1. With N denoting the number of residues in region 37-156, provide Rg(C-alpha) divided by 2.2 N^0.38 Å, to two decimal places.
2. Just grab the label-to-label distance for Thr129 and Glu44, each label 7 Å out from Cα along the Cβ direction, in nm (one decimal).
3. Which order do peptides 52-62, 95-105, 138-148 fall in by mean Cβ count within 10 Å, highest first?
4. Mind checking the full-extension length gain between Lys138 and Lys76? Use 0.36 nm per residue of separation minus the Cα-Cα distance, one decimal, nm.
Amino acid sequence: MNIKYFIIAITMLGVSCKSSDNQENLDKTNYEQEKNDLNSQQSEILSVEIAAITRGHRENISITPEKMEFYSTQEKLTKEIDKKEWENLISEINAVGLETIPSYKAPTEKRLYDGDLATTLTIKTKDATYQSQTFDKKTPPKELVEIVNTVYGFKE
């Protein structure tokens with residue numbers, strides 16, 4: 001009788017170890033999938049744009065993996081960008097998260113009385129377009145400050 005219990009215990013222990021190995025493999029697979037999703041999200045971003053407008057002045061800056069285009073009521077500029085600059089911008093966007101960009105509120109409202117340019121950030125991917133709420137150009141939401149500064153930095 002004791003031998004039966006011993007055999008059952010050994011069998012259960014073997015099944016338990018196999019189950020643990022399967023869980024580890026599942027965890028590794030999930031980690032790899034999340035890593036691949038992040039990489040594909042980076043490769044899916046087609047352009048990053050900022051549009052700013054007030055009475056009498058308008059400016060637009062558009063960045064793609066190859067170039068930056070800026071135009072305003074006073075100037076027009078096109079410049080090639082290198083891969084490292086684009087990757088830096090993408091990593092800043094990924095740190096914030098595309099889905100969260102529309103949720104950030106503007107900290108100030110000077111644009112409502114022409115005290116600053118009414119500005120929006122738009123990120124286009126293969127599958128969707130993510131647009132921020134309108135904010136003052138000089139005072140973007142704190143979560144978007146780095147992205148906005150990097151985008152305008154391409155103009156310099």
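1. Rounded to two decimals, the normalised Rg is 1.03.
2. The answer from the label model is 1.7 nm.
3. Result, highest mean first: 138-148, 52-62, 95-105.
4. So the chain would gain 20.2 nm between Lys138 and Lys76.
Where a number appears in this text, it was derived from the coordinates with a stated rule and is not lab data. No experiment lies behind these values; they were computed from the predicted model shown. Using ideal geometry, Cβ is built from the backbone for each residue, glycine included, and neighbour counts are taken over all protein chains shown.
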